[in-house]
Amino acid sequence: MKLLFCLLLTFSLLSVSGQAGINDTLRQQLVRDWQRAKEYTDEYLSAAPADKYGFRPIDSMRSFAEQMLAKSPDLQNKDSVVNYVNTSYDFAIQAIQNMDVNKLTEVVTWNLPGGKRSVTRLAWLLKAFEHQTHHRGQCTVYLRLMGIKPPAEKLF
């Protein structure tokens, strides 16, 4: 019985230390992905000329600047949009670097348009990543309509 207890305790400790390693690896991967997304988005920001940041495919659509999540009237010129977007990525990257990876499975509830949503912290991070990717993808069409070839895909 003593041997069985020692084995179970050993496997439990290995499991806990393994989980911490997995969480640290996950954090490192998230940081790399967000840094890559920042660089990729910056290539899109650089590709659009300053005089095209107000470009709208049609009047009812967002401008290029607004697609980059800059709806404020004082964030419509290229320099302010680039600064805002890069600062936002830096904030996200720093938050991921400093997060307690042991809380990634903790469920968090937010009030959003359309109701409350409850998902894990990891799911919120993945949804935020998906959202920024969506906006950058929208900007692919904007650049093409401007006659600009979008930056090459940056998977790694």
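Just a yes or no: is a residue in segment 58-65 outside any loop (DSSP other than H, G, I, E, B) and either out of contact with any His (no Cβ under 6 Å at 6 or more places or on another chain) or farther than 17 Å from Phe129 by Cβ (or both)?
Yes: segment 58-65 contains one or more residues that are outside any loop (DSSP other than H, G, I, E, B) and either out of contact with any His (no Cβ under 6 Å at 6 or more places or on another chain) or farther than 17 Å from Phe129 by Cβ (or both).
Which of the following residues is hydroxyl-bearing (Ser, Thr, Tyr) and surrounded by 12 or more Cβ atoms within 10 Å (Cβ to Cβ): Thr109, Thr105, Thr87, Thr133?
Being hydroxyl-bearing (Ser, Thr, Tyr) and surrounded by 12 or more Cβ atoms within 10 Å (Cβ to Cβ) holds for just one of Thr109, Thr105, Thr87, Thr133, which is Thr133.
Looking at (1) closer than 20 Å to Trp34 by Cα; (2) in a helix (DSSP H, G or I); (3) of a type outside the set (D, E, K, R); (4) at pLDDT below 95, which is the one condition that is false for Ser80?
(1)
Residues of segment 110-149 being of a type in the set (Lys, Arg) and either more than 24 Å from Ile58 (Cβ to Cβ) or in contact with an Asp or Glu (Cβ under 9 Å, 6 or more places away or on another chain) (or both), which ones?
Of segment 110-149, the ones of a type in the set (Lys, Arg) are 116-117, 121, 127, 136, 144, 149.
Scanning segment 110-149 gives Lys116, Arg117, Arg121, Lys127.
Within segment 90-102, how many residues turn out to be loosely packed, with under 14 Cβ neighbours inside 10 Å and touching a residue at least 12 places away in the same chain (Cβ under 8 Å)?
Going through segment 90-102 one residue at a time, the tally reaches 3.
The values are calculated or read from the model by the stated rules, or taken from the named source; none is laboratory data. Predicted model only: the values in this text are computed from it and were never measured. Positions of Cβ are backbone-derived with ideal geometry, glycine not excepted, and every protein chain shown enters the neighbour counts.
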